[in-house]
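Working notes, structure below.
Bear in mind that the values in this text are calculations on the coordinates, not laboratory data. Remember, predicted model here, so these are calculated numbers, not experimental data. Don't worry about glycine lacking a Cβ; one is built from the backbone with ideal geometry, like all the others, and counts go over all protein chains shown.
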């Protein structure tokens, strides 16, 4: 069994990781940390795990004795903890934003502070499994993608890989509120968001440069991205509707064929007509659909479960790849549907 | 024009009072206080009031120059502020729980501290307008009922007035999340409550003795009440489903006739088959329906808008009565329906 | 009093019209028709109107004796009914799509059948009150705008009027489910839409040419529009998020100033930072906000209540204008906020 | 492998059964029927099953060659199909209401028609697995319990088994809308139920006699039940809040101990303080909590996923028991939590 630890297990991503790892046939969850909840039963915080996880939160871990450590810590905290864990020999999968932006100056611009771990930043492989599986297989350190970048990049990758996009892409993202984390805030206060759809951080969300970085690498030229996230009155789930212009005439059927080919061996991406968010809830799947309007305008739609494919599930998928296991191990179940 | 002030105008009840008073043909809203927001535009906090309310929050008021002061302050705070305002000659309508329980020892038991204003507690009239309109017309000080007591008592009053109830009444209440107030909490965090129905304070909610007090007065004997509130994933609205046994055989039609008679001249209570919450949203109306099961078990259902009839609307209705105006002035509009 | 009738009063728009007209100080609602419900109380179908509307549904009306007739009938039905009513001398306000597209061939292309009333199509004034108030004041026949066109056009009008847009505008619209009407459908079945956000009619919704027509007239050149509607799990309310490129450098502040000037005397449009849907619910208001990203990309956000400003409220506003009344008469109240 | 078929696979329960069986390690899903969809891919109707189920709907099956047949057909239809299937030698698990009420006259009273299969009605074992596991292990024909009876009976069984209840039990049930099935109806039309909590069939729901039957058998005397279901704006999940009086003084702790003992070896029932619906969503678990009020009034709360433990999951659990497999096989995963 692969020995794993989760650092920062009190939040939604930590709980979801624990949920998935508790059923994984080849990974043994050895420790879950939470500074504030050290000594308490994990299932007291995550009651749905009672009967599945019989661990207490540890105050901290070093990586010693672990094969892999998942960091479900906030950005800033991850890059303080990661160096020691990486030195211990454990593989690291960081779910924060700390190791996603390859350029430290871009990191500083968007996250507001210097990057303090350039060594691991250089080593970290961006864990968009459908795009970089070979690199992930060789990696010891994974920067697990953000939820919005996962959803939007999977929807756009075939177009940018084939250099078919002219000018800007406009990404209109709708996210369930669990993406905002476990701490109550004004934005996720039910009377504020429970009967509304609320745009936030218009043009200034930190996932913008992460999306642009991947799309730019795919097309070999800087990508121009406008990204507008919205909170919708749903707990789990995310839909990105994306607008762009093609640089040549391609029919919808040609695009669909291209998408089918691009994701041909990818278990978790389904090409469909119009994605239905509920079809992927609780699962690691992503549904992608598209429409061509007036010959050159493309609307791409992409749906995921923000906590699974957009976080914990993709981290487990990456872990599988790093240890030579089939990518779907422990993740091979369908979404809820309704 | 009647000069009015709202103390504690930054919360949902304060905003709702301001919304209603801003359109009232005979009440002029002169001041709205908020210690924390003093000097800021009211419409910055309540953006829906832009174009309707052109006031800044005041830090405090004394009651001087006012005909009536609405206290939309938390319990504990109200009884500190009310004595001075009452001395100024202004009528007082308190929307907190401070003046609802006539017995100070009951107050202490449920609110956890001594009552410090027994004088006004003795004078305060309980503002359940459909029951005590004559007393309210004579009053200078109103204890405005809580949202749950309003909804449940209106549904039960005819049965208790006629002394038809045997033993306990079980009240199963479902409330929109705006009842929890404007401050984010774990209970109203969308991921926690947005796809669930969550019971809370089972058997221990402070509205229990308030309901029991009124029902006991109506039947002339102590009433026995079990009260279980639930949060439902709705922002506005409340439904109480209530279960009790009759002490004699009465048909559904006889009960409906009795209800119709009881509320005959009451503009805001509608007897219906099954109440539909959305029919009262945004309005001061209450819908009441009932069913008789196996001859002696009654299920009563009652629906209100928790912020209007359950708070600000009833306060305005009481103000109308206190100043000799028709109870429906400024409140004479239907609910949204959908 | 102005004598009014509503044709097609059993749906949501008919109910909302009735709700608004029942409180209007200068309009008297004389008749409400429904072929299927003729002879039944209106308040049996719309229970929130009990105590406000004491009319039975009529089977049909001719326009005789009426000053104005609101057609809340489906497209296709309106153009069958309108000619006779218009001949009777009553003014007509049609809330269907039948008289919105000035070019009959465009109508045929998008609605799938010939236009059979070219005479009134030629006379009909498009009732976007904030843009065409002078024409509406002179009109006898109004084509009341669709909900999506109202929301999006109000957000975009200042930019197109000043010919500032380069190329395409992408409109990502999120609508509450009441926009789909009163008849149950698969799309509005709660298990299908209640925990999801569902795109539909991508690139093929009938409101597309209506939006393009107005924006094109504003800029004096054909406008290029991609429009993607989504259903969100909200009953009332609509938000449009719109993406476009400017043809010159303008700062956010300059744009905000331009918007403020454009809507200077318009009671129902509020310029804000980020619109909050709940601030306009139940009201005829529209909130518009915007952001400039990377100097030339603009994100415009616009929110309305789809049944009020997006339908019945705007119809009443137009009626006011047609009869020389202040546009806000009977509509002069704020949104619910929460 | 155990060969299984699902009859009536186009609805939500059929889809859920298929979802669970598709991952079951010892059951092989051989056929799924739908008269209307015969010949079409199952995954076209249930898109979340794409990649998991590669079957077409069959028009019908006889039971030949099957070890077990799940009937996910409406009441009335099941008792027409079951006899032939039972004769074929396949075990039958019926998820409709046809075989739950042991007394045919009670069936006729509540379902409105005669029971036409008294032979199998006599043989059918009521599949409340936590109560009747030994009988289920010996059975060839299972009447799988309804969603409301499962949720409420699990919460009440310990009290009725120990004959602790005096008089009536009042069951206030709140269900997600998926319980209403896949066909759009007025009751599940989003504008009607999406921002409301709607009681329905008050005192007259068909699950009432089913609940009373089991509770009566447990206590050895007829049980008196008032049952009020409500639709809440949630797709999946169910909470029952239940009110009753004890016939003797027992503390909360004594009750909790009794519950813990009663469900000691039951994998799927968790005793908790206050159940949280989201902790069981997507899983076969049930959470039960309780409170004692004024010494003799008990409030019991019970939560399940209505489609899993309230339907398809319990059917699989029963199938496991019938074939000598551990009850949790294929169901051994936690709820989603958020």
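List of remarks:
- Relative to the longest principal axis of the Cα atoms of chain B, the long axis of helix B:313-322 makes an angle of roughly 80 degrees.
- Taking a point 7 Å from the Cα of residue D:135 along the Cα-to-Cβ direction, the residues of the stretch D:65-109 with backbone N closer than 14 Å to it are D:99-103.
- Tensor-based shape of the stretch A:111-171 (alpha-carbon gyration tensor, a/c under 1.5 rounded, otherwise prolate or oblate): oblate
- Copies compared at residue B:62 - label distances in nm, ascending, label defined 7 Å from Cα in the Cβ direction: 6.9, 7.2, 9.7
- Cα centroid separation - the stretch B:82-152 against the stretch D:87-139, whole Å: 58
- Ranking of A:117, D:305, C:44 by count of other Cβ atoms within 10 Å, fewest first: C:44, A:117, D:305
- Relative contact order for chain D, counting Cα pairs under 8 Å that sit 6 or more residues apart, in percent: 17
- Placing a label point 7 Å from the Cα of residue C:54 along the Cα-to-Cβ direction, the residues of the stretch B:262-282 whose backbone N falls under 15 Å of that point are B:265-267.
- Summed over qualifying helices (DSSP H, 4 residues or more, each -39500 (n - 2.57)) and divided by its residue number, chain A shows a 222 nm mean residue ellipticity of -8500 deg cm²/dmol.
- Computed from the C-beta positions of residue B:87 and residue B:114, the FRET efficiency with R₀ = 25 Å rounds to 0.75.
- Per-residue shielding of D:296-309, expressed as the average number of other chain Cβ atoms within 10 Å of the residue Cβ, stands at 2.
- Once the chain from residue A:123 to residue A:1 is taken as fully extended at 0.36 nm per residue, the excess over their C-alpha distance is 41.3 nm.
- Other copies of residue D:41: label-to-label distances in nm, shortest first, labels 7 Å along the beta-carbon direction: 4.5, 5.4, 5.6
- Hull shadow area, averaged, the protein assembly as shown [alpha-carbon convex hull, nm²]: 48.4
- For the stretch D:148-306, relative contact order (Cα pairs under 8 Å, six or more residues apart, normalised by length) works out to 31 percent.
- Compared with the dominant principal axis of the Cα atoms in chain A, helix A:77-87 is inclined by about 70°.
- Bridge type composition, the protein assembly as shown - antiparallel percent by DSSP, nearest 5: 50
- Entry note, the stretch D:2-123: relative contact order of 22 percent, from Cα contacts under 8 Å with a spacing of 6+ residues.
- Folded to 0 to 90 degrees: helix C:252-262 orientation relative to chain C principal axis, Cα: 30
- Rounded to the nearest 5, the antiparallel percentage of DSSP beta bridges internal to chain B is 45%.
- Per-residue shielding of B:157-170, expressed as the average number of other chain Cβ atoms within 10 Å of the residue Cβ, stands at 2.
- Averaged over the residues of A:1-14, the number of partner chain Cβ atoms lying within 10 Å of the residue Cβ comes to 0.
- DSSP beta bridge pairing in the stretch A:2-123, given as percent antiparallel to the nearest 5: 5
- Exposure proxy order (Cβ contacts within 10 Å, fewest to most) of C:168, C:110: C:110, C:168
- Order of A:1, C:66 - criterion: other Cβ atoms within 10 Å of each residue's Cβ, fewest first: A:1, C:66
- Cβ-vector label at 7 Å, residue A:220, separations to other copies in nm: 4.4, 8.5, 9.5
- Separation in nanometres of the label points that stand 7 Å from Cα toward Cβ, at residue D:80 and residue B:200: 5.0
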